[in-house]
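One structure is given here, and the rest of the page talks about it.
The values are calculated or read from the model by the stated rules, or taken from the named source; none is laboratory data. Remember, predicted model here, so these are calculated numbers, not experimental data. A quick note on method: Cβ atoms are made from the backbone with ideal geometry, for glycine too, and the neighbour counts reach across all protein chains shown. For the accessible areas, the whole protein counts, side chains as well, though only heavy atoms, and no ligand, DNA or RNA atoms are used. Shrake-Rupley method; radii C 1.70, N 1.55, O 1.52, S 1.80 Å.
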Amino acid sequence: MIGTLLAQRYRVDAVLGEGGMGVVYKAHDTLLDRPVALKAVSAAMLGEEGSRRLLREAQSAAGLTHSNIVGIFDVLEDTDQRLIVMEYVAGQTLRERIPMLWQEAVEIALQICDALGYAHAHGIIHRDVKPENALITPSGGVKVMDFGLARSEGRSRMTQSGMLVGTVAYMAPEQALSGTVDARSDLYSLGCVLYEAITGKAPFVADDPIAVISMHVNVPPVSPRFHIPDIPTLLEAVILRLLAKDPTQRYQSAGELAEVLRSTLLPLDAAHEEGTAIAAAPPATSLFDLMVRGRLIDREPELGELKSTLESMLSARGQVVLIAGEPGIGKTRLAEELLVYARLRGCLALTGRCYEQEVAIPYLPIAEVLQAAVRSLADEQLEETLGPHAPEVVKLAPELARRIARLEPSPPLEPNQERLRLYESVRAFLTTLARRQPLVVLLDDLHWADGGTLQLLRHVARGLRAERLLVVATYRDVEVDRTHPLSAVLAEMNRERLYRRILVRGLTPEHVAAMIHATFQTRNPVSEEMRDLVYRETEGNPFFVEEVLKHLVETGAIYRADGGWERKDIEELDVPQSVREVIGRRLERISEPCQRALTVASVIGRRFTFEILQPSAGVQEEELLDALEEAERAQLVREHASGRESDYEFGHALIREVLYDGLAHRRRRAHHQKVGEAMEAVYGSRIDDVVEELAYHFTHAQTADLEKAIAYSLRAAEKSMTLFAYEEAARFYRNALDLLEEGGDEARAADVYAALGQPFTYLDRTDEAVVAYQRSL
């Protein structure tokens, strides 16, 4: 190429740089007598559609005229490559200047913000903000290049062969998983760039690009103050907000971010230079934010097996995979890693969760999956995918009624046939959806599932062998004895060879050491005595290990010193001997108002809303917000913006269990009473949405509300019958019967006893229908 004259106009003079997608040359425009840069991209790598898209994107980007944007002049075709003719900018890339003082990084970020804000206003998203695409001129100006070209170069997705192309260190979670981007995706990338410019390290680093993307999706970033302790807390807060997983939690525009940088951080720098006293900002982080959390350690064999199963599913060999293990062993985290891989492979990945309250809501995890599936489809796609099954699916996904113009009810059948029709409709909807796009469904914490969900899972499993549908479920094997409902279903599915199981066990001592090392990013290897101490007490349970490390940090046994972590002598380390003990001791160290709030929250359940918790706890709004913020800093709860109207959830089910189990019997009943009354007040006309929870809370409340417990149990039983969830209907009828017998109301008890026979009769008939259906396959 050197010395070549392209298009009878551009003389190629030298190579400026080379990357994964091509070479950048310095050239001279002989017509206008000016230096230019030529970016060459392989036509074979682009493909025909990519070439057309490259031209369209270059034409759009050529309309951007801004002092902080590298101008695009022309696009050329030359044999087997496409060349973009750009403004030549003398200077260095930001990559060559990293690391730098935070003040300089903020100045550069501000100029990048101005470039992004201008481009976004003109409808162009950059898609590939990274240090290599920011040029620093000798005068200190910043020029951003390659606007809009990342999509043309295919950088956001995985190839069919399973290789990931392009840079992933700066890629927003939503961009990596779905290719969906907006202005906030660029701001996430800018947050990664700003983080690295200051600390010299990208926020997420791993050997495997898929692991990096998984960290973008699942792992909270370590505070930049871990690497550079003296950066302002305001800057730390800005960076961590930019790196929020949920786009709605980030700055919503480049202009908003620029205003924050100009109005807070630049004055902070000026005051520092002049020696002016400035108000101290509240700390943005706790010591826990300086710890690396959520890294997947020693799960390569299990993950490899899951990936292999997914690849088989992509070839229309669907199946059910069960991930089993004790609480805290990392079942859900392993499944989440698979979901990231699945989305990168072009799959639709949906999640439904079971919850640990004693009452199970009929089909709750399946309903969550169906509702997410409905939201993933446009109206015309929805009607086509549902076909004749809409009247049944709407029973579990009521929002369908608002999306489909005419919804004729199905003709009535015998109750056992109605249940089978519901099951078959759900299976048909999921498999039809999977024919549009490969589908992965995660059912988390299956040991808490209701009987209807378990039977529906068995039915779906029977029809997967020739489908692009993979169902993954997690469960605690230590809690599933012979009397557990899941045990019987697994035995039936095993006889039919309907699933494969992956057993997850504790980390080895060597991997416990690796987890400690990764958590603290220590300069030196973890000593054998430290490794053995932690392993001996935790037996390699990852959640237990993490909680022990947090305990040691809270008690000062592990502490910050000289920009790193140090620990006391091994003889001084106090390691609790059970996971419940370590959680209990951590809970003892939070404030009393925080303890009270979390105790009431534990009565509500794993997930809880602020609107229910406040009246139940009987505290003012500000006091409760302070308590929840303290709990978040201690990493006991986290905000949860999506889901079943839940604002918060406990960081792990075991935290909720320790709090709830620690309540005295009388106090527990009093809290159930208040929670039930709060739910009645909040839900009002929508009370039928939560009759199952109300039955649960008033059953466990004070005896004065025995009548409410009976009434809500009967309503929950009737609701379950309309959904053909006969197992749960029987459970609610039995509960009402026990309460009536306790209250001595023999007449009403006889009526409920008669009603109780109905779901059992239907269950028997359903089993007969299932056998007949199985024989017909």
Per the list (1) charged (D, E, K, R); (2) open to solvent by 10 Å² or more (accessible area, probe 1.4 Å); (3) modelled with pLDDT of 85 or more, residue check on Asp186 breaks on (2)
Inset, instruction - Determine whether Arg419 is out of contact with any His (no Cβ under 9 Å at 6 or more places or on another chain), open to solvent by 40 Å² or more (accessible area, probe 1.4 Å) and either in contact (Cβ under 8 Å) with a residue 24 or more places away in the chain or among the β-branched types (Val, Ile, Thr) (or both). - result: no
Condition set free of Cβ contacts under 8 Å to residues at least 24 places away in the same chain and either part of a helix (DSSP H, G or I) or of a type in the set (A, V, I, L, M) (or both), scope the range 392-403, selection most open to solvent (accessible area, probe 1.4 Å): answer is Arg402
Listed by first then second residue, the pairs whose first member lies in the range 728-742 and is open to solvent by 20 Å² or more (accessible area, probe 1.4 Å), whose partner is outside any helix (DSSP H, G or I), with beta carbons under 7 Å and at least 6 positions apart or on separate chains, are none
Here the qualifying pairs (Cβ atoms under 9 Å; residues six or more apart or on different chains; first in the range 242-255 and surrounded by fewer than 17 Cβ atoms within 10 Å (Cβ to Cβ); second of a type in the set (Ser, Thr, Tyr) and outside any helix (DSSP H, G or I)) come out as Asp246/Ser642
Matching residues in the range 186-216 (within 17 Å of the chain's Cα centre (by Cα) and β-branched (Val, Ile, Thr)) number 3
query: Before we move on, is Glu546 open to solvent by 60 Å² or more (accessible area, probe 1.4 Å) and part of a helix (DSSP H, G or I)?
result: no
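Table: residues versus (1) modelled with pLDDT of 90 or more; (2) touching a Lys or Arg at 6+ places or on another chain (Cβ under 6 Å); (3) in a loop (DSSP other than H, G, I, E, B); (4) not β-branched (Val, Ile, Thr).
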{"site": "Val212", "(1), (2), (3), (4)": "yes, no, no, no"}
{"site": "Val238", "(1), (2), (3), (4)": "yes, no, no, no"}
{"site": "Gly255", "(1), (2), (3), (4)": "yes, no, no, yes"}
{"site": "Leu265", "(1), (2), (3), (4)": "no, no, no, yes"}
{"site": "Ala271", "(1), (2), (3), (4)": "no, no, no, yes"}
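Here is a yes/no grid of residues against (1) touching an Asp or Glu at 6+ places or on another chain (Cβ under 7 Å); (2) closer than 21 Å to Leu306 by Cβ; (3) of a type outside the set (D, E, K, R):
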residue: Arg476; (1), (2), (3): yes, yes, no
residue: Asn494; (1), (2), (3): no, yes, yes
residue: Leu498; (1), (2), (3): no, yes, yes
residue: Glu510; (1), (2), (3): no, no, no
residue: Ile516; (1), (2), (3): no, no, yes
residue: Gln521; (1), (2), (3): no, no, yes
residue: Pro525; (1), (2), (3): no, no, yes
Residue hits (the range 631-653; more than 30 Å from Ala397 (Cα to Cα) and at pLDDT below 95) are Glu632, Arg633, Ala634, Gln635
Flagged in the range 2-25 as within 48 Å of the chain's Cα centre (by Cα) and either open to solvent by 70 Å² or more (accessible area, probe 1.4 Å) or at pLDDT below 80 (or both), in numbering order, are Val15, Leu16, Glu18, Gly19, Gly20, Met21, Gly22
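Residue-wise test of (1) outside any strand (DSSP E or B); (2) surrounded by fewer than 19 Cβ atoms within 10 Å (Cβ to Cβ); (3) at negative phi.
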{"site": "Arg293", "(1), (2), (3)": "yes, yes, yes"}
{"site": "Glu305", "(1), (2), (3)": "yes, yes, yes"}
{"site": "Leu310", "(1), (2), (3)": "yes, no, yes"}
{"site": "Ala324", "(1), (2), (3)": "no, no, yes"}
{"site": "Ala335", "(1), (2), (3)": "yes, no, yes"}
{"site": "Pro362", "(1), (2), (3)": "yes, no, yes"}
Over the range 181-207, the set of residues part of a loop (DSSP other than H, G, I, E, B), of a type in the set (D, E, K, R) and within 28 Å of Gly563 (Cα to Cα) is Lys201, Asp207
Q. Would you call Glu623 on the phi < 0 side of the Ramachandran plot, modelled with pLDDT under 95 and not aliphatic (A, V, I, L, M)?
A. no
Condition check for Ala373: open to solvent by less than 20 Å² (accessible area, probe 1.4 Å) and within 24 Å of the chain's Cα centre (by Cα)
yes
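Across the range 349-360, which residue is farthest from the chain's Cα centre (by Cα) among those that are under 20 Å from Leu470 (Cβ atoms) and buried (at least 21 other Cβ atoms within 10 Å of the Cβ)?
Across the range 349-360, the extreme among qualifying residues is Cys354.
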Counted residues in the range 376-391 being open to solvent by less than 10 Å² (accessible area, probe 1.4 Å) and without any contact (Cβ under 8 Å) to a residue 40 or more places away in the chain come to 2
Note to self: Checking the structure you have, find out if any residue of the range 365-382 is part of a helix (DSSP H, G or I), under 24 Å from Arg715 (Cβ atoms), touching a strand residue (DSSP E or B) at 6+ places or on another chain (Cβ under 7 Å) and among the acidic types (Asp, Glu).
What the structure shows: yes
Filtering strands (runs of 3 or more DSSP E) wholly in the range 53-142 for at least 2 residues that are modelled with pLDDT under 90 and farther than 27 Å from Arg262 by Cα gives 72-78, 81-87
Residues of the range 644-655 being in contact (Cβ under 8 Å) with a residue 40 or more places away in the chain and either in contact with an Asp or Glu (Cβ under 7 Å, 6 or more places away or on another chain) or open to solvent by 20 Å² or more (accessible area, probe 1.4 Å) (or both), in sequence order, are Arg644, Tyr648, His652, Ala653
Those strands (runs of 3 or more DSSP E) completely within the range 426-509 that have 2 or more residues that are open to solvent by less than 30 Å² (accessible area, probe 1.4 Å) and closer than 29 Å to Leu344 by Cα are 439-444, 469-476
Listed by first then second residue, the pairs whose first member lies in the range 706-723 and is on the phi > 0 side of the Ramachandran plot, whose partner is buried (at least 20 other Cβ atoms within 10 Å of the Cβ), with beta carbons under 8 Å and at least 6 positions apart or on separate chains, are none
Ser410: passes all of (1) part of a helix (DSSP H, G or I); (2) in contact (Cβ under 8 Å) with a residue 12 or more places away in the chain but (1)
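Quick grid of which residues meet (1) in a helix (DSSP H, G or I); (2) within 25 Å of Ile228 (Cβ to Cβ); (3) open to solvent by 70 Å² or more (accessible area, probe 1.4 Å); (4) at pLDDT below 95:
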site	(1), (2), (3), (4)
Met530	yes, no, no, no
Val534	yes, no, no, no
Glu537	yes, no, no, yes
Gly540	no, no, no, no
Arg560	no, yes, no, yes
Gln577	no, no, yes, yes
Gly584	yes, no, no, no
Ile590	no, no, no, no
Leu598	yes, no, no, no
Residue hits (the range 661-700; touching a residue at least 24 places away in the same chain (Cβ under 8 Å), open to solvent by 20 Å² or more (accessible area, probe 1.4 Å), of a type outside the set (D, E, K, R) and closer than 30 Å to Leu396 by Cβ) are Ala681, Val682, Thr699, His700
